[in-house]
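A short worksheet on the structure shown next.
The values are calculated or read from the model by the stated rules, or taken from the named source; none is laboratory data. Treat the numbers as computed from the prediction; the structure is a model and nothing was measured. Every residue, glycine among them, receives a Cβ derived from its backbone with ideal geometry; neighbour counts consider all protein chains shown. Side chains are part of the model used for accessible areas, which takes the heavy atoms of the whole protein and leaves out ligands, DNA and RNA. Shrake-Rupley method; radii C 1.70, N 1.55, O 1.52, S 1.80 Å.
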Amino acid sequence: WPDDPGIEFHLGHGDWIRLFRANGLAVENLLELRPAEDATTRYPSVTREWARRWPSEEVWVLRREAP
């Protein structure tokens, strides 16, 4: 963001999967949430149209693997 001196960092999906596996977890599902067509937002940086095309929220469903 132009007016924010901070740095935002996100792991890629492959890195998340490797991290989960290294800690005994298996990925059951990955849900990419999209807003409804009539949804509103309080985030000025993500429009509804943008979020419907590229999900800005995810839900990872994990299972602990047997030892």
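Structure above, values below:
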| read-out | value |
| --- | --- |
| Dipole magnitude of the chain about its Cα centre (Cβ charges: Lys, Arg +1; Asp, Glu -1), debye to nearest 20 | 280 debye |
| Largest-first ordering by accessible area, 1.4 Å probe, given options 9, 20 | 9, 20 |
| MRE, 222 nm, helices only [DSSP H, n ≥ 4, -39500 (n - 2.57), over the chain, to nearest 500] | -6500 deg cm²/dmol |
| Accessible surface of the chain, 1.4 Å probe, proportion on carbon and sulfur as whole % | 53 percent |
| Table column - 3J(HN,Hα) (Hz), region 28-43, Karplus curve with 6.51, -1.76, 1.60, x for Gly and Pro | 8, 6, 10, 9, 9, 7, 10, x, 5, 4, 9, 5, 10, 9, 10, 9 |
| Mean separation of Cα contacts under 8 Å, 6 or more apart, over the residue count of the chain: relative contact order % | 39 percent |
| On Cα atoms only, tilt of 13-22 relative to the major axis of the chain in degrees | 30 degrees |
| Computed accessible area, residue 17, all protein chains, 1.4 angstrom probe, square angstrom | 60 Å² |
| Spread of Cα-to-Cα distances over 10 Å intervals beginning at zero, given as percent, for the chain | 17, 34, 31, 16, 2 |
| Net charge over other residues, Cβ less than 12 angstrom from the Cβ of residue 60 (K, R count +1; D, E count -1) | -3 |
